[in-house]
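A short write-up of the structure that comes next.
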Amino acid sequence: MLASLHRPTLGERLKAGTATAHHRLEAGMDIDAMAADMPRLRGLLERFHGIHAVLEPLFALRLPEGLMAGRGRLGALRADLVALGHDGASLDALPRADAAAAIADTAPGALGACYVLEGSTLGGRVIGRALARSGDPRLARIAYFDPYGAHAGSMWNAFRRDLEAGADPETDEEVIHAANETFTLLQSWLAPALAPLPDPHP
Ligand code: HEM
């Protein structure tokens, strides 16, 4: 039987192995509510900053140079936050998700964490469109969620090719484990920004 001969690729295993975690995170993001609530959206971007500020320097250290070419989002994220009122000093004072460092401390760990952040650009397109629809130009200009625009598909395909090039039966489990750990960390790290704000008029 042909079907039983197909050995799933690392990308397929990552997608299947993190589907539950992805669904849980996605379900907790009320995009329309966020698009209507600037302080909350700014709070969410501040939390993403805490993740990228820890992970991106590790990606640069642990992943092949070509893999990260044109991919870092920290610069755009910081520019978004400056447009929303931050300055260099207040950005540097934002809390960092230091626990992310342990996940990306090895090359397979960094690859798993990078898979999660790169994959988030796919759902980010949906978020980017919701922000554009909001009618608020400050929201429409936020670059973080949809960094590649019309190139999102080709950037993802290129990442998937690099992912398969880095696949290794010795370390694939570690990559998948790191991706799940990254989802779990995001779930708790983003929670303060995702929780509904208390009703000011109960
Ligand atoms: C921090 C939040 C999120 C993270 C880390 C994340 C992560 C990911 C990852 C890793 C993938 C790649 C799956 C694959 O291997 O093909 C993906 C795909 C996708 N995500 Fe998300 N995601 C997030 C939020 C969202 C949200 C809020 C939505 C919905 C609006 C969403 C919708 C999608 C869609 C439509 C795809 C592509 C379709 C598919 O192949 O399943 N994601 N995301």
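What's the local net charge at H6, with K and R +1, D and E -1, over the other residues with C-beta under 14 Å away? Overall, the nearby charge balance is +1. Here region 31-192 exposes an accessible surface that is 57 percent carbon and sulfur, computed with a 1.4 Å probe and the other protein chains kept in place.
Our summary gives the chain a relative contact order of 33 percent, counting only alpha carbon pairs under 8 angstrom and 6 or more residues apart. Computed from phi, the 3J(HN,Hα) profile of region 9-24 under the Karplus parametrisation 6.51, -1.76, 1.60 (θ = phi - 60°) reads 6, 4, x, 5, 5, 5, 5, 5, x, 10, 4, 5, 5, 5, 4, 5 Hz, with x in place of Gly and Pro.
Report the normalised scattering of region 1-62 as log10 I(q)/I(0) at q = 0.15, 0.16 Å⁻¹, calculated by the Debye formula with identical scatterers on the alpha carbons. Results for region 1-62 at q = 0.15, 0.16 Å⁻¹ read -0.75, -0.81.
Mind listing the phi-derived Karplus ³J(HN,Hα) values for region 119-129, rounded to whole Hz, using 6.51, -1.76 and 1.60 with θ = phi - 60°, and x for any glycine or proline? Those phi angles translate into x, 5, 6, 6, x, x, 4, 5, 5, x, 5 Hz.
What is the packing order of peptides 52-58, 121-127, taking the mean over residues of other C-beta atoms within 10 Å and listing the highest first?
Numbers: 52-58: 20.4, 121-127: 17.4.
The densest-packed peptide leads the list: 52-58, 121-127.
Farthest toward the positive end of the dipole of the chain, out of C114, V82, Q187, is the Cα of V82, where the dipole comes from beta carbon charges about the Cα centre. Sites listed here are GluC sites (Glu not before Pro) in region 87-190 whose DSSP assignment is loop and whose Cβ has at most 11 other Cβ atoms within 10 Å: E170. Dimensions of the chain based on its C-alpha atoms, expressed as ranges along the principal axes with the largest first, amount to 61, 38, 33 Å. Annotation: amide H of A97 within the under-5 Å range of I51, V54, sequence separation 5 or more or interchain, hydrogens built in the peptide plane. Specify the inter-centroid distance of region 1-59 and region 141-195, based on alpha-carbon positions, in whole Å. For region 1-59 versus region 141-195, the Cα centre distance is 6 Å. Applying the Karplus relation 6.51 cos²θ - 1.76 cosθ + 1.60 with θ = phi - 60° to region 131-148 yields 3J(HN,Hα) values of 5, 5, 6, 5, x, 8, x, 5, 6, 4, 7, 5, 8, 4, 5, 10, x, 9 Hz, where x marks Gly and Pro.
Relative to the longest principal axis of the Cα atoms of the chain, the long axis of helix 172-194 makes an angle of roughly 10 degrees. Packing-based ranking of 149-159, 40-50 yields 40-50, 149-159, ordered from highest to lowest mean Cβ neighbour count within 10 Å.
The values are calculated or read from the model by the stated rules, or taken from the named source; none is laboratory data. In this text, all values refer to a predicted model and were calculated from it rather than measured experimentally. Counting neighbours? That spans all protein chains shown, and the Cβs are built from the backbone with ideal geometry, glycine included. Just so you know, the surface numbers come from the protein's heavy atoms only, side chains and all, with ligands and any DNA or RNA stripped out. Shrake-Rupley method; radii C 1.70, N 1.55, O 1.52, S 1.80 Å.
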